[in-house]
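J.: Can you keep this structure in mind? I'll have questions shortly.
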Amino acid sequence: MLRKIVFYTRNWITIIAPFILLFLPANYFDEGQSICLSKMLANIECYACGLTKGVMHFIHFEFEKAWEYNKLTFIVVPLLFPLWLKSVYEVRGKQMPGILGKLT
């Protein structure tokens, strides 16, 4: 029973989160203090610094701003799409077709 609750909670959050982020303004995360530990403790930017801001601007089609915040956004967002699609298929009780179904 607990496994089923965790399964559906995880998948529904994965499915709904992009839509919630899409309805928020693109600059929602632009202001405020960073919560990155390497930035707070050592004042060094890690590879993920600015990734959330970059993803927000990417999904709002502001590609130049996304590039400015973090260049890895253009790798991460396309890799997140198959994971989102996998959650959609899992909630429906099906396996993804093709090579993606075998890989995930």
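The values are calculated or read from the model by the stated rules, or taken from the named source; none is laboratory data. From a predicted model like this one, the values you see are computed outputs, not experimental measurements. When we count neighbours, we look across all protein chains shown, and the Cβ atoms used for this are built from the backbone with ideal geometry, even at glycine. Heavy atoms of the whole protein, side chains included, go into the accessibility calculation; ligands, DNA and RNA do not. Shrake-Rupley method; radii C 1.70, N 1.55, O 1.52, S 1.80 Å.
J.: Rule-of-thumb check for the chain: C-alpha Rg over 2.2 N^0.38 Å?
T.: Working it through for the chain, the quotient is 1.27.
J.: I need the calculated FRET efficiency for the pair Leu41 and Lys71, taking r as the beta carbon distance and R₀ as 22 Å, to the nearest 0.05.
T.: Approximately 0.40, to the nearest 0.05.
J.: Quick check: the angle from helix 2-23's long axis to the longest principal axis of the chain, C-alpha only, nearest 10 degrees?
T.: In the chain, helix 2-23 runs at an angle near 50 degrees to the longest axis.
J.: Rounded to the nearest 10 degrees, what's the angle between the helix 73-92 long axis and the longest principal axis of the chain, both from Cα atoms, 0 to 90?
T.: Once rounded, the angle reads 30 degrees.
J.: Choose one answer from Leu24, Leu79, Leu37: the residue with the largest mean-square fluctuation in a GNM of the chain with alpha-carbon springs under 10 Å.
T.: Among Leu24, Leu79, Leu37, the largest mean-square fluctuation in the Gaussian network model of the chain belongs to Leu37.
J.: Rounded to the nearest 10 Å², what accessible area does Trp84 show when all protein chains are kept and the probe is 1.4 Å?
T.: 60
J.: Next up: Of all GluC sites (Glu not before Pro) in the range 11-94, which ones are in loop regions per DSSP and have a Cβ with at most 13 other Cβ atoms within 10 Å?
T.: Hits after loop and neighbour filter: Glu31, Glu45.
J.: Here's something else I'd like to know. Using a Gaussian network model of the chain with C-alpha springs under 10 Å, which one of Ala48, Ala26, Ala66 is most mobile by mean-square fluctuation?
T.: Ala48
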